[in-house]
Structure formats: C-alpha cells, structure tokens
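The values are calculated or read from the model by the stated rules, or taken from the named source; none is laboratory data. Since the structure is predicted, the reported quantities are computational estimates derived from the model, not experimental observations. Cβ atoms come from the backbone with ideal geometry, glycine included; neighbour counts cover every protein chain shown. Accessible surface is based on the protein model in full, side chains and every heavy atom, while ligands, DNA and RNA are left aside. Shrake-Rupley method; radii C 1.70, N 1.55, O 1.52, S 1.80 Å.
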Amino acid sequence: MLAIHRFLPYILMLVFSLGSTREISNVDESLSKIFPNAQIEVKNIALSQDQLINIEKVTGVKLNSKVLTWYIAKKGNRIIGYAYVDKHKVRTKPETVLYAIDPQGRILVIEVLAFNEPLEYMPEENWLKNFQGKTLDKDELKIKRDIPNITGATITAKAITDNTRKVLGIWQVLFGGRK
C-alpha cells in the first residue's frame, strides 16, 4: 500500500497528460484581437469535388475533409478578413492553428491555439511572423526557401508551412476575387 501512495502522483500525472490538450488560446479570443470590433460570421462550406481537386492541385496538399468552417470578419457590409482553424498532426499528436487572411489573400496572422507535442517543438511567435503578407500567388511557401526552418522543430515548421499553403489555396478557391 505504501508503494502505491509513493507512485500515485506520477500515475495521475501520466493519466491526465495522455488525454489532455495544451490549449494556448481559443478561437473567439484570437479573432477579437485580430479583428477588433468586427462582427464574425461563421460559414460552414461543403466543397464540391471540383473545388477539392482544384485546391489540392493549387497547393500540393491533401485535404482531410470536404466540410470546412470559415470565419468571415465584417465591419458593416465590408469584409475585413477571413480566418480558418486547421487541426493537423505534427508528429503523432495534433496541433490547432488559426490562420487569418486579409481580403486580398495575404496572411495577417498565424496563431497556434493548441499544441500537444513537447513544448520545445512549438514555433515561436517571431517565427510565425515570417508568414505575414505571404500569398499563394507570389510566394512558394516552402521551408528553406522563403520560410526559414526551425532548428530542432523541422516537422512542426513543415506542418505549419504546408498547411499555410493549403489554407491560402482554400481561400483562393472559395473567396479569391470577392472583396
């Protein structure tokens, strides 16, 4: 019985860490900081087969779902931005990333909302700023080309970069040309 009491804290730590998510921020808080005083419209979109093929062709990244949720930020009737929350695996565990895009299709902000890998692999805010202003039309969005690698976190860097291309491709197919 004494041995169980000695190891109980470690057992509980292990049990709770297996199912836990390290939430860093939530979508509503992030959107209100990125688009202050804006009305946020939530739009669920079911992609057609043609849209799906077009997005994958443009980005070189496979989509895992045909149903997507976008956030459209408006002031009055004017769209001031778009946002998309992408959940993907980095190594073996998920990360949740918010991508905010301006009406011209440029990245405004990329913010990590939840990260379940070891924290030393999490990208720093300064590295995420490398994406600001990037578009699918003008930038390759490739690691070691126009986006620097993260030493010791190459898989994380590649996941965020690939998913930035994916999100911009989805934006381009769904909203490109609409202002």
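Below are the figures for this structure:
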| read-out | value |
| --- | --- |
| Residue 98 being in contact (Cβ under 8 Å) with a residue 40 or more places away in the chain, in a loop (DSSP other than H, G, I, E, B) and closer than 11 Å to residue 164 by Cα | no |
| Complete set of residues in region 120-179 that are hydrophobic (A, V, I, L, M, F, W, C) and open to solvent by less than 10 Å² (accessible area, probe 1.4 Å) | 131, 141, 147, 153, 157, 160, 167, 168, 170, 175 |
| Test for residue 138: is it more than 24 Å from residue 74 (Cβ to Cβ), of a type in the set (Lys, Arg) and at pLDDT below 85 | yes |
| Any hit, region 83-92, residues being over 26 Å from residue 32 (Cβ atoms), of a type in the set (A, V, I, L, M) and over 13 Å from the mean Cα position of the chain (by Cα) | no |
| Residue check for residue 65: open to solvent by 30 Å² or more (accessible area, probe 1.4 Å), farther than 23 Å from residue 172 by Cα and at pLDDT below 95 | no |
| Answer from 141, 136 - the residue that is among the aliphatic types (A, V, I, L, M), part of a loop (DSSP other than H, G, I, E, B), touching a Gly at 6+ places or on another chain (Cβ under 9 Å) and under 16 Å from residue 61 (Cα atoms) | 136 |
| Residue satisfying condition, being at negative phi and at pLDDT 95 or above, within set 83, 159 | 83 |
| Of the criteria (1) among the β-branched types (Val, Ile, Thr); (2) open to solvent by 10 Å² or more (accessible area, probe 1.4 Å); (3) without any contact (Cβ under 8 Å) to a residue 60 or more places away in the chain, which one residue 79 fails | (3) |
